[in-house]
1. According to a simple spin-label model (label point 7 Å from Cα along Cα-to-Cβ), what is the distance in nm between Phe127 and Leu304?
2. With N residues in segment 213-302, what two-decimal value do you get for its Cα radius of gyration over 2.2 N^0.38 Å?
3. Using the Karplus curve 6.51 cos²θ - 1.76 cosθ + 1.60 with θ = phi - 60°, work out ³J(HN,Hα) for each residue of segment 216-222 in order, rounded to whole Hz, and write x for Gly and Pro.
4. For a footprinting-style exposure proxy, rank Arg98, Arg62 by other Cβ within 10 Å, fewest first.
5. Between Tyr120 and Leu44, 0.36 nm times their residue separation minus their Cα-Cα distance comes to what?
6. Each label point is 7 Å from the Cα along the Cα-to-Cβ direction; what then is the distance between the points at Leu315 and Asn157, in nm?
7. Ranking Ile291, Ile155 by Cβ neighbours within 10 Å, fewest first, what do you get?
8. For segment 132-149 and segment 232-248, what is the centre-to-centre distance using only Cα atoms, to the nearest Å?
Amino acid sequence: MHRISTDLAVVNSKLDFISKTLKIDKLEIFILGCYPFILLLGQLIALGSPDEMAKNYFTTKRNFFNVIFVKNGWFWTTVLYLMLIYSAFHDSTKKADRQTLIKSTIASLKKYAIVTVCWYFYSQWFFGLPIMDRVFLLTGGSCYNIPQNQVKGSISNLLSPMGTTMDKVVSSLNIDDLNSESIKEGILLWSNSISSSQCRSMRGRWIGGHDPSGHVYILTLSSSFLLSALFTFYSGKELVVRFKRMVSHVRSKWHQGDYLDIFKHLVTFDGYFFLLILVGLWYWMLLMTSIYFHSMPEKIMGLLFSYLTTFISDLF
């Protein structure tokens, strides 16, 4: 027991040093340290279960969780974050120290604003193309197989006819692509200067280049930010007490059939409950991304950009 205590003291000392050097809270270091293990676990599962790659529901990007939640990741993160703040201000135990609550909220909102700007630059827009698309295009990536009848707006001047025979094009397409009328007609375009969202909207395909994972970035950033925000307002002990109280309240109202009150209570007083569910979903989808999509270097790049965002937000 004495040896374990000594080892824990050494680990704590190392964490203190890293925390002071990087200006990142020790708890946040622990949270961020979980993600490489999730990526590694996904890679091991992919290598050990090759049959799953063709059969699993999550191998398609059109699965419900990806389309509804991950594709709108920062929106859901924002909603649950605001619910957390709302719940904290309705917590009777925190009204006694209102000044500390307000101070914590201002600091948290400042971090949220910085993280949001970084997320927008990485995945949406950065004085033109977002950062992740710039990396992809600068490393030789392009958008191929764009049907001419899908071209929208004034973007046509950025597109060029594909310099290949129709037989070669067809051989490179999947079943869904073959159903496109424009492909049957042989009118296909390509571009190495449009964004990934523009490519998707015109039913093109991202080919070549190094594609830093946007999924790894948003899932890592969202879950780590939400957990960091949660522990800004509540300690672990407080969460345990609140959870027991919540379970008691839900049981009571459930037996009474007052389901609306349960929902109102969870939203108003226990916003952290939905937050933890969302974080659990983000962790699961990160594992699915690690198993089924992107190369390991692309996933690591998305993770590093997420870490950089967190580091930048903690500097200010």
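Only the coordinates and a few stated rules stand behind these numbers; no lab work does. Treat the numbers as computed from the prediction; the structure is a model and nothing was measured. Cβ coordinates were reconstructed from backbone atoms using ideal geometry, including for glycine residues, and neighbour counts include every protein chain displayed.
1. The two pseudo-label positions are separated by 2.2 nm.
2. Its radius of gyration relative to the 2.2 N^0.38 Å reference: 1.40.
3. In residue order, the calculated couplings are 4, 4, 5, 5, 5, 5, 5 Hz.
4. Starting with the residue having the fewest Cβ neighbours, the order is Arg62, Arg98.
5. The Tyr120-Leu44 span can extend by a further 24.2 nm.
6. Each label point lies 7 Å from its Cα, and together they span 3.7 nm.
7. Ile155, Ile291
8. Spelled out, the Cα-based centre of one part sits 48 Å from the other.
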